[in-house]
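S.K.: What follows is a structure written as structure tokens; I'll ask about it next.
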Amino acid sequence: MTTPNPPGLVTRSFEGALTPAQVWALLNALIEGAPFAASLTRADTATGKLAFPTVAPSGYAWLEELEEVPRLVLNDKAQIVAVAKLIGALPVSSEMFSDAAVNITAWVGTALADSLSRDLDLGLLNGSGKPEPDGIIAQADEVSGPTLIAAAGAGIAAIGEAGGTADTIAMSPTVYADELTRSDDLGHLVHPDGLPDLLGLEIVQVPALDPPLLYDARRCYLVMGQDSTVTPHDDWQHDALVLLVKGRVNVGVPVAQKSIRKLAIGDGGRAAEPAKRSTVKA
């Protein structure tokens, strides 16, 4: 006698199979549940690696009439970013996916946000290389200030002097709350109308992020392999179905000087970078 497989998520919720669109919907839920990853510019790769070429030509000159035109030195190079594998299994009980009142798709998205999405953000921020991503915080120079606003201002200046434009700041909810409730010497809130942004920067709250990170989201890339997958597996021993979620991701910052600064608040870190002429053209 053949024991039938238990009813599965693929049968009840996805009409028999996970289509490519449904797979990517779940993978997008993984990313959207990760505030930092979701703030980056998306770059997909079919090969598992992505090259970011940069060019910083030098050798320009002001000339008199008929003077020889100098040949430029391109100073070209490429940053190669290889994806890293983040994988986890989500068990779904037969009772859950047989209950018509339960929105399985929404539940899966919430479960991803509470587990793999958090690991995704922390890996992109703090990873130390294979098998983890190349963490973006380690790639960032540091600036400091006595307050969050002062440190952010120093970072805006540093990125601007290098030729970039900071548009986003990521911080932990604790740092956000400290800034939101900060008061002046008279006891008045510094931000009486709330904190929808900071110095015009979009705020991204990332749990456990330390230190805060200032960046140009257009120059920071979430590299995602097209071989990222979501596959269902019957678990008859537990009367359940397991969704195996595999994301192949990394973070790419081709020109870090123009793109990112980590912020030290208070006495830590080094002083803000002085204004100086930049020779970087890329």
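S.K.: Could you please rank HIS188, HIS238, placing first whichever residue has the fewest other Cβ atoms within 10 Å of its Cβ? It would help to have the intermediate numbers written out before the result.
M.R.: Details: HIS188 8, HIS238 12.
Exposure proxy ranking, most exposed first: HIS188, HIS238.
S.K.: Taking the Cβ of each residue in ARG219, ARG261 as the centre, tally the other Cβ atoms inside 10 Å and list the residues starting with the fewest.
M.R.: With the sparsest Cβ surroundings first, the list reads ARG219, ARG261.
S.K.: Right, next: Sort GLU67, GLU179 so that the residue with the fewest other Cβ atoms within 10 Å of its own Cβ comes first and the one with the most comes last. Display every interim value, and only then the final one.
M.R.: Working: GLU67 9, GLU179 20.
Fewest to most other Cβ atoms nearby, the residues stand as GLU67, GLU179.
S.K.: If you don't mind, there's one more thing I want to ask. In straight Cα distance, which aspartates and glutamates are under 16 Å from LYS85, not counting same-chain residues fewer than 8 positions off?
M.R.: Straight-line reach from LYS85, under 16 Å: ASP44, ASP119, ASP121, GLU132, ASP134, ASP227.
S.K.: So, one more: Please compute the net charge surrounding MET171, taking Lys and Arg as +1 and Asp and Glu as -1 over other residues with Cβ under 10 Å from its Cβ.
M.R.: Numbers: positive: none; negative: ASP178, GLU179, ASP210.
Residues close to MET171 contribute a combined charge of -3.
S.K.: Another question about this same structure. State to the nearest 20 debye the size of the charge dipole of the range 113-208 about its Cα centre, where the only charges are +1 on K and R beta carbons and -1 on D and E beta carbons.
M.R.: Details: 3 positive and 16 negative charges, 31 e Å.
Dipole magnitude for the range 113-208 comes out near 140 debye.
S.K.: Please identify which residues in the range 160-174 have an amide N closer than 19 Å to a label point set 7 Å out from the Cα of GLN205, following the Cα→Cβ vector.
M.R.: Under cut-off, by backbone N: 168-174.
Each value in this text was obtained by applying a stated rule to the coordinates, not by laboratory testing. Just so it is clear, the structure is predicted and the values come from calculations on it, not from any experiment. Note that each Cβ is placed from the backbone with ideal geometry, even for glycine, and that neighbours are counted across all protein chains shown.
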